[in-house]
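Below is one structure, written out as structure tokens, with a few remarks after it.
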There are 2 protein chains.
Amino acid sequence: MAQFSIKDNDVDIVIGALQSDLTSFMNAWKPMFSRYHLIIVKDPELKEDLKIPDGFDAQIFTKADMDKAVGPSLTSQLFSGYSCRYYGYLVSNKKYVISIDDDCIPAKDDKGFQVDAVAQHLFNLAAPATPLFFNTLYDPFCKGADFVRGYPFSMREGVPCALSCGLWLNLADLDAPTQALKPEQRNTRYVDAVLTVPNKALMPLSGINIGFNRELLGPALFPGLKLTKEGKVRWETMEDVFSGMCAKVVCDHLKLGVKTGLPYVWREERGDAVQSLKKDWEGMKLMEDAIPFFESIKLPAEAVNAKECMLELAKLVKERFGAEKNSVLTQAADGMIEWVKLWKKVVVPASN
Amino acid sequence: MAQFSIKDNDVDIVIGALQSDLTSFMNAWKPMFSRYHLIIVKDPELKEDLKIPDGFDAQIFTKADMDKAVGPSLTSQLFSGYSCRYYGYLVSNKKYVISIDDDCIPAKDDKGFQVDAVAQHLFNLAAPATPLFFNTLYDPFCKGADFVRGYPFSMREGVPCALSCGLWLNLADLDAPTQALKPEQRNTRYVDAVLTVPNKALMPLSGINIGFNRELLGPALFPGLKLTKEGKVRWETMEDVFSGMCAKVVCDHLKLGVKTGLPYVWREERGDAVQSLKKDWEGMKLMEDAIPFFESIKLPAEAVNAKECMLELAKLVKERFGAEKNSVLTQAADGMIEWVKLWKKVVVPASN
């Protein structure tokens, strides 16, 4: 098994604070978080002061910081609710970012040991990805695994991994209709695997528990898709799913890999699925339009980094949906252009 | 969770007998095999008489049966060594076929319970597959699983599953160079998941432990790729890997699904990897030519079943490799045409 390692100071842990009291969340994660620099971004709509326990190297960003750096209009367009974490992605100056929802605590693996989600994300990101041919024994770089018979030798070096999508035990990341239909359903299956999502396959990214190579992919993680009355529970949000589709097509184009599977986190309850049904349906409808589009597009060869890819993607979204009135997707395309502009500036973290 | 079930008499279990004494193999599988009809096909090059214990509804086919049905030339071209099982695929008249190598015994799951590989394959085949969009919680039709937030509703019905590829504990299905480099490596990781291999993604099928819908896919499981001195251990064979690439492109074209993951079987030791190195390399070299070809082809819309797809595939192989002298791939294309001819005939099982 090859060895892969990442230095602690190449990593930022970014937390979007949707609740004001982070004490129990932070204490639960202390063994995994305390050696890293933390960026905590407070939801600009959250009024109460944040409560953060001692013992962390934490840098906090609030609405005042965002307004100063990008202006109040972009703050509300790009960074409200769950999207506040994307401000942390922007102002980080590290190569790698790990981000975990503040209603999650460390999970236990199938042997009862606590999972170090940060270490697993960093391993996923450091080891190559294999999007060009599927390996039936999952990630060939995991301990004890390998490429199976028939896997072409010329593809065994793989490609850089740009995005690691972790999963969730207990409350699975279902949409509101599914959760409302099956209120008692919980995810209890611990699947001990990491795999590369094949080239050209789209997937529903969840932003609950992710790690990514910010240098390679940062600008492609885009927060600007906003539904009417975007909510404060995951099943009301679509920013992460849309962001994931942008990131996947950019990775496919740039020959980068996206992995999914380990690490798991344990998700606590939050919200009422039945109450969320009306809001969520808008997102579901949107996916039906967005997916055929994402499946059909081809980015031009001249786009050689994530910023250029996002500008080309914005252009394609406008060509396809520009004629539709009040299209959420066209508004998102405008947001993409603004987002890339921000990445092109050197944004000086306001609290530094 | 939806219920899926398959009648016992819609199933044949096909065993290729590479060794003459099947007593311990059959007895180990008795709890899973005894309720089904078995087709046991004796490797035409195996001299000794088969030893099969009582208590099975087993039908046996030998070289004499094959010679009578297809002639000695096709018998040796299509059905020697591991490929003898494909004769069973041909003469079965059931909707579903399960096939397991005769050096495998039932595995135990991560909780220590014996795995019913037949039941798991049949569940995989009866439940829809989801090749058009990747579900991060794996097979959404498994107990306790579902489609995750963001999975498009219009794709949740899935497509028929035509092929179920199981995995292996203990001796992993590595190629000879890998096994020779890591003689002590064993696969101990039980991954509790089934997933659909996405549309357009190629994978190295292993024939060790598979189930398939014979009505939908039978003719696409093609035994005719023969390397020089094709061997009697798995790492010397390429027929199943090549067969899997044919099957995958046919499934993608016909909008059928291929699943991989559960069930596991336990593989016993057989063969000497170092001795096999010379033979295996030829197969590895072949894959480097075959994969870009399989990635590039598009079958015509007029091909609406597995037989027609295989004839079109044969045509494309000849167009691409026909000019190369003694090409194993061109010979395989000739074999495909013969294979489809056999499927078009009503082959009456000789022992009936």
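Given points 7 Å out from each Cα along the Cα-Cβ axis, report the B:Thr23 to B:Ile337 separation in nanometres with one decimal.
A separation of 4.8 nm, rounded to one decimal place.
Convert 37 °C to kelvin, take the viscosity as 0.692 mPa s, use the Kirkwood radius over C-alpha pairs of the range B:157-266 as Rh, and evaluate the Stokes-Einstein diffusion coefficient in µm²/s, rounded to a whole number.
Answer, rounded: 221 µm²/s.
Within chain B, which is the longest segment containing none of the GluC sites (Glu not before Pro) that sit in a DSSP loop and have at most 12 other Cβ atoms within 10 Å?
B:49-156
Count charges around B:Val70 for me, please; just the other residues with Cβ under 13 Å from its Cβ, Lys/Arg as +1, Asp/Glu as -1.
Residues near B:Val70 contribute +2 overall.
Structure shown: which of B:Lys94/B:Lys307; A:Lys298/A:Lys344; A:Lys248/B:Lys200 lie over 19 Å apart, alpha-carbon to alpha-carbon?
A:Lys298/A:Lys344
Please express the shape of chain A as an equivalent ellipsoid: the semi-axes are the square roots of 5 times the eigenvalues of the C-alpha gyration tensor, given largest first in whole angstrom.
Numbers: eigenvalues 150, 130, 93 Å².
Whole-Å semi-axes of the equivalent ellipsoid: 27, 26, 22.
Out of all DSSP beta bridges in chain B, what portion is antiparallel? Express it as a percent rounded to 5. Working shown, then result.
Working: 17 of 42 bridges.
The answer is about 40 percent antiparallel.
With the label 7 angstrom out along Cα to Cβ, how close does B:Asp289 come to the same site in each of the other copies, in nm, nearest first?
5.0
Averaging sequence separations of C-alpha pairs under 8 Å and six or more residues apart, then dividing by the length of the range A:195-253, give the relative contact order as a whole percent.
Once normalised by length, the contact order is 47 percent.
Once fully extended, how much extra length lies between B:Lys47 and B:Arg156, figured as 0.36 nm per residue of separation less the alpha-carbon to alpha-carbon distance? Don't skip to the end; give the middle numbers.
Details: separation 109, 0.36 × 109 = 39.24 nm, distance 5.10 nm.
Result for the pair: 34.1 nm of gain on full extension.
Give the long-range amide H neighbours of A:Ala58: residues separated by 5 or more places, or on another chain, with amide H under 5 Å away, using H modelled in the peptide plane at 1.01 Å from N.
Residues meeting the criterion, in which the H sits 1.01 Å from N, are A:Leu38.
Pop the C-beta distance of A:Asn93 and A:Ser5 into the FRET formula with R0 = 30 Å and round what comes out to the nearest 0.05.
0.90
Hydropathy at least 0.5 by Kyte-Doolittle, axial extent at least 20 angstrom from the Cα trace: which helices of chain B, defined as entire DSSP H runs, fit?
Helices meeting the span and hydropathy rule in chain B are B:239-254.
Indicate, rounded to the nearest 5 percent, the antiparallel portion of the DSSP beta bridges found entirely in the protein assembly as shown.
On the way: 34 of 84 bridges.
Antiparallel bridges: around 40 percent, rounded to the nearest 5.
Using Cα positions and a limit of under 22 Å, work out the lysines in reach of B:Lys51, with same-chain residues fewer than 8 apart set aside.
Filter leaves B:Lys30, B:Lys42, B:Lys63, B:Lys232.
List the residues, sorted by chain then number, that are 5 or more residues from B:Ile15 or on another chain and whose placed amide H is less than 5 Å from its amide H.
Here the answer is B:Ile39, B:Ile40, B:Val41, since their amide H atoms fall under 5 Å of that of B:Ile15.
Using a label point 7 angstrom from Cα along Cα-to-C-beta, what distances in nm, from shortest up, separate B:Asp109 from the other copies?
2.0
Tell me, what is the FRET efficiency for B:Lys255 and B:Glu295 to the nearest 0.05, using R0 = 22 angstrom and their Cβ-Cβ distance as r? Don't jump to the answer; show the numbers that get you there.
Working: r = 19 Å, r/R0 = 0.84.
With R0 = 22 Å, the Cβ-Cβ based efficiency is 0.75.
Just the accessible area per residue of chain A, please: how many Å² with a 1.4 Å probe?
Details: 13400 Å² over 352 residues.
Value returned for chain A: 38 Å² of accessible area per residue.
Sequence-distant or interchain residues sharing an amide H contact under 5 Å with B:Leu169, placed H: which?
Placed amide hydrogens put B:Val265, B:Trp266, B:Arg267 under 5 Å from B:Leu169.
Measuring from centroid to centroid over Cα atoms, what is the spacing of the range B:109-162 and the range B:245-270 in Å?
Going from one Cα centre to the other spans 14 Å.
Carbon and sulfur: what percent of the protein assembly as shown's accessible surface (1.4 Å probe)?
On the protein assembly as shown, the fraction of accessible area on carbon and sulfur atoms equals 52 percent.
Going by accessible area, probe 1.4 Å, with all protein chains left in place, what is the ranking of B:Phe321, A:Phe141, largest first? Let's see the in-between values first.
Values: B:Phe321 0, A:Phe141 30 Å².
The residues order as A:Phe141, B:Phe321, largest area first.
Give the shape of the range B:186-229 as rounded, prolate or oblate, defined through the alpha-carbon gyration tensor: a ≥ b ≥ c are the square roots of its eigenvalues, a/c under 1.5 means rounded, and otherwise the shape is prolate if a/b is larger than b/c and oblate if not.
oblate
Would you mind getting the Kirkwood hydrodynamic radius of the protein assembly as shown from its Cα pairs, rounded to one decimal in Å?
On the way: mean 1/r = 0.0374 Å⁻¹.
Roughly 26.7 Å, rounded to one decimal.
Which aspartates and glutamates have a Cα less than 15 Å from the Cα of A:Lys325, not counting those fewer than 8 places away in the same chain?
Partners found: A:Asp289, A:Asp334.
Which of the residue pairs B:Lys7/B:Lys111; B:Lys226/B:Lys255; B:Lys68/B:Lys341 have a Cα-Cα distance greater than 19 Å in the structure shown?
Result: B:Lys7/B:Lys111; B:Lys226/B:Lys255 exceed 19 Å.
What are the label-to-label distances in nm, one decimal and shortest first, from A:Pro31 to the same spot in the other copies, with labels 7 Å along Cα to Cβ?
3.6
The range A:268-342: which trypsin sites (Lys or Arg not before Pro) are DSSP loop and have at most 16 other beta-carbon atoms within 10 angstrom? Before the final figure, lay out each step's value.
Working: sites: A:Arg270, A:Lys278, A:Lys279, A:Lys285, A:Lys298, A:Lys307, A:Lys315, A:Lys318, A:Arg320, A:Lys325, A:Lys341; in loops: A:Arg270, A:Lys298, A:Lys325.
Counting only loop positions with at most 16 other Cβ atoms within 10 Å, the trypsin sites (Lys or Arg not before Pro) in the range A:268-342 are A:Arg270, A:Lys298, A:Lys325.
The values are calculated or read from the model by the stated rules, or taken from the named source; none is laboratory data. From a predicted model like this one, the values you see are computed outputs, not experimental measurements. Heads up, the Cβs are rebuilt from the backbone with ideal geometry, glycines too, and the neighbour counts pull from every protein chain shown. Only protein heavy atoms, including side chains, enter the accessible area calculation; ligands, DNA and RNA are left aside. Shrake-Rupley method; radii C 1.70, N 1.55, O 1.52, S 1.80 Å.
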